[in-house]
Amino acid sequence: MFDFRLHSFSRLVISLTLAAGLLALAGGAKAQDKRQNAPGEFDFYVLSLSWSPSFCEEASERGGRAQMQCSGRPYAFVVHGLWPQYENGFPEYCQRPSPRLNRSIVSSMLDLMPAPGLIFNEWDKHGTCSGLDGRNYFETIRKARAAIKIPAEYLDLSEAKTVAPAEVEEAFIKANPGLSNAAVSVTCNRTRLSEVRICLSKDLQFRACEEIDRRACRRDQVTMPPIRGG
């Protein structure tokens with residue numbers, strides 16, 4: 001005979017378990033929301049260095065207009081951005097509308113970030129989360145970039161080079177004492193190396209970042225197109 005009391009008890013246990021799970025999720029979301037997108041409330045930075053020749057080849061394939069980055073002097077690694085990060089996830093667009101960025105700041109950054117549109121976008125999306133004003137945020141980018149030495153073999157690449165992502169990581173580690181595999185990752189698209197991302201503490205010291213490392217390129221080999229004009 002079917003025991004309705006047991007069936008009702010089982011349904012009650014399931015309902016209570018589901019309710020507890022939903023409360024836990026709600027509690028976790030609420031805890032995250034307390035800090036999500038609060039300016040200055042983050043754990044570390046990621047300095048993203050883009051291999052400009054890859055970017056320009058991809059832009060050309062998409063039929064995009066030639067940008068300053070792709071039509072001016074030849075560029076190797078350029079700064080994509082300095083991104084505030086949580087241990088899991090990241091803030092973005094922390095002030096809407098974002099404070100107006102002085103054009104003198106934009107002009108001063110073109111040697112590292114050779115596209116005005118990129119500079120404005122990075123300020124709106126990431127800089128507003130740093131807790132710094134525009135001038136201090138971009139000064140921090142300059143300090144972060146100055147702390148990184150680009151390996152000599154990537155400074156004047158005149159011919160396309162096939163590399164293993166791990167090889168690029170090791171080259172950066174060798175060129176930058178104190179940098180470890182846990183603090184650097186290489187990203188790629190289907191065929192080309194895209195970026196080298198280096199994790200830095202708020203005072204710009206190398207630090208491990210498991211989540212960034214998990215998003216690294218998993219291909220055995222990728223291509224580094226030559227520097228334009230090389």
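For this structure, a couple of remarks:
- Region 116-210: C-alpha gyration tensor shape, a/c 1.5 cut-off, then a/b vs b/c: prolate
- In order through region 91-106: 3J(HN,Hα) via Karplus (6.51 cos²θ - 1.76 cosθ + 1.60), integer Hz, x for Gly, Pro: x, 7, 6, 7, 9, 10, x, 6, x, 4, 8, 5, 5, 5, 5, 4
- Take every pair of alpha-carbon atoms less than 8 Å apart whose residues are at least six positions apart; their mean separation over the length of region 66-123 yields a relative contact order of 43 percent.
- Model label sites at A175 and R215, defined 7 Å from Cα along the beta-carbon direction, differ in position by 2.3 nm.
- Of the GluC sites (Glu not before Pro) found in region 130-187, the ones in coil according to DSSP and having at most 12 other Cβ atoms within 10 Å of their Cβ are E159.
- The order of the peptides 35-44, 99-108 by mean Cβ neighbours within 10 Å, most packed first, is 35-44, 99-108.
- Taking amide H as placed 1.01 Å from N in the peptide plane, D43 has its amide H under 5 Å from the amide H of Q85, Y86, E87, each at least 5 places away in sequence or on another chain.
- Extension gain, R190 to I105, is 27.1 nm, computed as 0.36 nm per intervening residue step minus the present C-alpha separation.
- Here's how it looks for R192: its modeled amide H is under 5 Å from those of T223, which are all 5 or more places away or on a different chain.
- Heavy-atom accessible area per residue - region 180-230, 1.4 Å, Å²: 52
The values are calculated or read from the model by the stated rules, or taken from the named source; none is laboratory data. These numbers were taken from a predicted model, which means no experiment stands behind them. Here Cβ is always computed from backbone atoms with ideal geometry, including for glycine, and neighbour counts include all displayed protein chains. The area values use the complete protein model at the heavy-atom level, side chains included, leaving out ligands, DNA and RNA. Shrake-Rupley method; radii C 1.70, N 1.55, O 1.52, S 1.80 Å.
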